[in-house]
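*Asks:* Would you mind keeping the following structure in view while I ask a few things?
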Amino acid sequence: MMSAAVIEYDQGVGRWQPNARGRLVQAAFALYSERGFEQTTVAEIAKRAGLTERTFFRHFADKREVLFAGADELQQLLVSTVASASDSAAPINAVAAALGAAGASIQEGRELARQRQAIITASPELRERELIKLASLSAALADELRRRGVKDPAARLTAEAGIAVFKIAFERWINDPNQHDLPRVIRESLDELKAVTAGQ
């Protein structure tokens, strides 16, 4: 999410820059969509945003991280939601609550999420990075489940199943222009998995 309250002073340009991070994200997404991720340089992103390369590197380690900058916040949301679930909650229900919270957060930026997904799909390098991100989310969920007393392999199975549900639900949501409620799609996808595993 981009905050209009962020103000950056760019000494290279010599004026106050409102929401420099948001402008860099918008510029990068536009260029990645127009030219492709691999063909876009940091210098071009900074120029499109009306900023300097120094400002870009204040906010992002490289041009790839523009697309993955929210991963830590997403992981923290998932983990903290599982941690706050009641002690009596079944592991899969604790994970379901976490996925719902993540879905509610993501759906606020639907158009940006759709644009991001199209950019990632078009790049083998970014698809690999996205898989690494999903694996990290799964590992973090499994760790939190273990802290709640869930033993392996149940902790890993539950976490991996949850991330698989999230991935499929997100793809359904992003590809259906009539579908606006991501948490509901997540619940429906999880119910489908439960029905399959229950033999219904």
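The values are calculated or read from the model by the stated rules, or taken from the named source; none is laboratory data. On a predicted model such as this, the values are computed, not experimentally measured, just so you know. A quick note on method: Cβ atoms are made from the backbone with ideal geometry, for glycine too, and the neighbour counts reach across all protein chains shown.
*Asks:* If you take the residues in region 50-85 that are surrounded by fewer than 17 Cβ atoms within 10 Å (Cβ to Cβ) and among the polar types (S, T, N, Q), which one is nearest to ALA28 (Cα to Cα)?
*Replies:* GLN76
For (1) within 22 Å of ARG187 (Cα to Cα); (2) at pLDDT below 95; (3) under 13 Å from the mean Cα position of the chain (by Cα); (4) of a type outside the set (Lys, Arg), each residue gets a yes or a no:
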| residue | (1), (2), (3), (4) |
| --- | --- |
| ARG129 | no, yes, yes, no |
| ALA135 | yes, no, yes, yes |
| ALA139 | yes, no, no, yes |
| ALA142 | yes, no, no, yes |
| LEU145 | yes, no, no, yes |
| ASP152 | no, yes, no, yes |
| ALA155 | yes, no, no, yes |
| ALA159 | yes, no, no, yes |
| ILE163 | yes, no, yes, yes |
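*Asks:* Any residue at all in region 129-138 that's farther than 13 Å from ALA71 by Cβ and out of contact with any strand residue (DSSP E or B) (no Cβ under 6 Å at 6 or more places or on another chain)?
*Replies:* Within region 129-138, not a single residue is farther than 13 Å from ALA71 by Cβ and out of contact with any strand residue (DSSP E or B) (no Cβ under 6 Å at 6 or more places or on another chain).
*Asks:* Turning to a different aspect of this structure: Answer yes if at least one residue in region 84-101 is closer than 23 Å to LEU126 by Cβ and in contact (Cβ under 8 Å) with a residue 24 or more places away in the chain, and no otherwise.
*Replies:* yes
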